[in-house]
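See below for the structure under consideration.
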There are 2 protein chains.
Amino acid sequence: MDKSTLNYTAEQVFEIERELRYVSSIIKQKGREILANFPITPPQFVALQWLNEDGDMTIGELSNKMYLACSTTTDLIDRMESNQLVERVRDTNDRRVVRIQLKEKGQNIILEVLEARREYLSSVLSNFSKKDVEDLSRTLSILHNEMGKE
Amino acid sequence: MDKSTLNYTAEQVFEIERELRYVSSIIKQKGREILANFPITPPQFVALQWLNEDGDMTIGELSNKMYLACSTTTDLIDRMESNQLVERVRDTNDRRVVRIQLKEKGQNIILEVLEARREYLSSVLSNFSKKDVEDLSRTLSILHNEMGKE
């Protein structure tokens with residue numbers, strides 16, 4: 001690639017890589033602290049989050065989203081099913097297909113965890129200017145979109 | 001707090017929380033793919049990164065940065081020491097104090113891993129405008145700073 005056409009400098013890449021690494025690490029730790037108040041584990045949170053966001057899905061679909069082997073996801077869902085967080089439901093048109101569905105208890109917990117995360121983020125954003133909040137939201141959305149293309 | 005003074009809306013908090021969660025998850029997965037090409041594990045990468053960034057430190061200091069129990073960090077450092085990535089060094093002024101120091105092999109690996117992460121980020125940033133790169137860098141830095149205050 002012709003370096004003269006680049007819209008970023010090596011210093012910016014250095015900075016952004018580092019900031020993303022630090023911010024991710026703080027969010028992971030803060031997420032664990034929040035989960036400590038709820039009866040679910042971090043992988044269970046991730047599974048509930050995907051089911052809440054994208055609706056019922058098969059073990060295979062959930063495994064892809066979670067970057068896990070199907071056998072690992074099966075074990076995870078077994079535990080979540082015995083804890084009444086989710087249930088396995090047969091497709092009414094094709095009874096060979098089984099999907100995982102959020103149960104009310106799982107739905108309530110995920111909504112409360114996400115609300116606690118938003119409360120934390122609100123406190124972090126309270127010292128941002130209006131423009132900086134807009135810029136952060138816009139550029140994170142572009143970043144997510146571009147990362148998804150890889 | 002008086003809601004009329006807020007510089008962010010509930011929708012922005014919703015969006016930013018979600019984007020941060022997704023971006024962190026993609027970075028974690030991409031980071032694992034990169035590490036698969038190197039002879040270190042994810043926790044070893046995190047330890048090497050802190051030693052590279054902040055210099056020699058005690059097990060206690062490293063445990064705090066990694067949010068790990070000292071016994072877990074001790075096990076981690078034992079394995080890294082036998083793999084020639086780090087070594088335990090006694091303080092010359094106070095020989096009761098032992099610090100972890102990067103060895104050349106550990107230094108080389110961490111620099112290569114960080115370079116691979118920057119290459120990935122560069123490809124992601126290649127479709128950003130110059131202004132969006134600047135806005136992302138600036139707002140991530142504010143975010144990190146504000147999260148550190150919590």
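The values are calculated or read from the model by the stated rules, or taken from the named source; none is laboratory data. The model shown is predicted, which means the values in this text are computed figures rather than measured ones. Neighbour counts are summed over all protein chains in view; Cβ atoms, including those assigned to glycine, are modelled from backbone coordinates with ideal geometry.
Yes or no: the stretch A:49-65 includes at least one residue that is on the phi < 0 side of the Ramachandran plot, free of Cβ contacts under 8 Å to residues at least 12 places away in the same chain, in a helix (DSSP H, G or I) and among the aromatic types (F, W, Y). The answer is no, given that none of the residues of the stretch A:49-65 is on the phi < 0 side of the Ramachandran plot, free of Cβ contacts under 8 Å to residues at least 12 places away in the same chain, in a helix (DSSP H, G or I) and among the aromatic types (F, W, Y).
Looking at the stretch A:66-78, is at least one residue at pLDDT 95 or above, more than 8 Å from chain B (Cβ to nearest Cβ) and over 21 Å from the mean Cα position of the chain (by Cα)? Looking for residues that are at pLDDT 95 or above, more than 8 Å from chain B (Cβ to nearest Cβ) and over 21 Å from the mean Cα position of the chain (by Cα), one finds none in the stretch A:66-78, hence no. Quick one: is B:R118 farther than 22 Å from A:V124 by Cα, outside any strand (DSSP E or B), out of contact with any Leu (no Cβ under 9 Å at 6 or more places or on another chain) and facing chain A (nearest Cβ under 7 Å)? Yes: the conditions hold for B:R118. Can you name the residue in the stretch A:79-99 that is touching a strand residue (DSSP E or B) at 6+ places or on another chain (Cβ under 8 Å) and assigned to a helix (DSSP H, G or I) and is also surrounded by the fewest Cβ atoms within 10 Å (Cβ to Cβ) among such residues? Filtering the stretch A:79-99 for residues that are touching a strand residue (DSSP E or B) at 6+ places or on another chain (Cβ under 8 Å) and assigned to a helix (DSSP H, G or I), the one surrounded by the fewest Cβ atoms within 10 Å (Cβ to Cβ) comes out as A:E81. One residue alone among A:G148, A:G106 is in contact with a Leu (Cβ under 6 Å, 6 or more places away or on another chain) and either surrounded by fewer than 20 Cβ atoms within 10 Å (Cβ to Cβ) or at pLDDT 95 or above (or both), and that residue is A:G106. Restricting attention to the stretch A:100-115, the residues that are touching a residue at least 24 places away in the same chain (Cβ under 8 Å) and not in a helix (DSSP H, G or I) total 3.
Only residues that are part of a loop (DSSP other than H, G, I, E, B) and surrounded by 14 or more Cβ atoms within 10 Å (Cβ to Cβ) were counted in the stretch A:6-46, giving 6. Against the test of being modelled with pLDDT of 95 or more, within 14 Å of chain A (Cβ to nearest Cβ) and closer than 30 Å to A:V13 by Cα, the options B:D56, B:D132 yield a single qualifying residue, B:D132.
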